[in-house]
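The values are calculated or read from the model by the stated rules, or taken from the named source; none is laboratory data. Computed from a predicted model, the values in this text were never measured in an experiment. Cβ: placed from backbone, ideal geometry, glycine included. Neighbour counts: every protein chain shown.
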Amino acid sequence: MIITLTMFLMGILLGFIGAGGSGFIIALLTVIFDVPIHTTLGTSLAAMVFTTLSGAYSHYQQGNIDVKTGITVGVFGAIMSYLGSKIAVWIPVNSLHWLTAGMLFLSAVMLMIRLFIVNRLKETNKRETKFTGSFLVRAASVGIVTGILSGTFGIGAAPFIQLGLMIMLGLSVQESVGTTMLVILPVAIAGGIGYYFEGYFNILLLIQVLAGTMIGSYIGAKFTNNVPLPILKSAMVLTPIMAGAILLIR
């Protein structure tokens, strides 16, 4: 119940800023509840399957998902996410704490680019509507990089995926947000399966995390439109930084 209550409070924050929260899940479970970090990585990936499913469906209804791009990037991402889960097993626990924290800090940098600089970025590559060799190479590049990051460090890598979709594949901001949800689904499933077969998967812990975060995020989302945009953007950037800092306490 303590874990569920903590995840509920965290879910309110995550719903407020519109984040998946895998970094905070990893940090709190590892540092506060002393759950082995490899288990928290598998749990965070499995949790993302459920937390992004409804979001992906909603974006699909609104026409914000490029299905061809999402599936292509997602397939490559899933393969690399599964491979990343195998890599994580061989990384020493102490090193994995530092590396995961570093990835959270880097996620904050990517969010800053996404939130504050993206409007100044010009799409260097035109969007391709046909399934060409060039499209496949670009999609594979985005999927490989983001997939290995997700599987190895248990993070959603949403800022990385969004920037890749915009810059490499020419998607609009709205489409990149929606398509990222579709990409994360197979990536999270494959990574979660990888950790499951390695013995780093706890069903009860997953239920506790989901029970808290899904209810809390629903409530937190109600407050999103009630604060100034600069404060909301700042909170989005500070969240992965705080999660990374908590991990470094370990």
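Within segment 193-205, the presence of a residue that is under 19 Å from ARG114 (Cβ atoms), without any contact (Cβ under 8 Å) to a residue 12 or more places away in the chain and over 13 Å from the mean Cα position of the chain (by Cα) is excluded. For the residues GLY102, GLY77, the requirement of being at negative phi, modelled with pLDDT of 85 or more and surrounded by fewer than 15 Cβ atoms within 10 Å (Cβ to Cβ) singles out GLY102. Tally the residues that are part of a helix (DSSP H, G or I) and either under 17 Å from ILE25 (Cβ atoms) or not aliphatic (A, V, I, L, M) (or both), restricting the search to segment 76-95. Residues in segment 76-95 being part of a helix (DSSP H, G or I) and either under 17 Å from ILE25 (Cβ atoms) or not aliphatic (A, V, I, L, M) (or both): 10 in total. In segment 22-75, the residue that is farthest from TRP98 (Cα to Cα) out of those that are outside any helix (DSSP H, G or I) and among the polar types (S, T, N, Q) is GLN62.
Note on segment 219-230: residues that are surrounded by fewer than 15 Cβ atoms within 10 Å (Cβ to Cβ) and either within 18 Å of the chain's Cα centre (by Cα) or modelled with pLDDT of 75 or more (or both) amount to 3. Once segment 135-172 is narrowed to residues that are small (Gly, Ala, Ser) and over 12 Å from the mean Cα position of the chain (by Cα), the residue that is surrounded by the most Cβ atoms within 10 Å (Cβ to Cβ) is ALA139.
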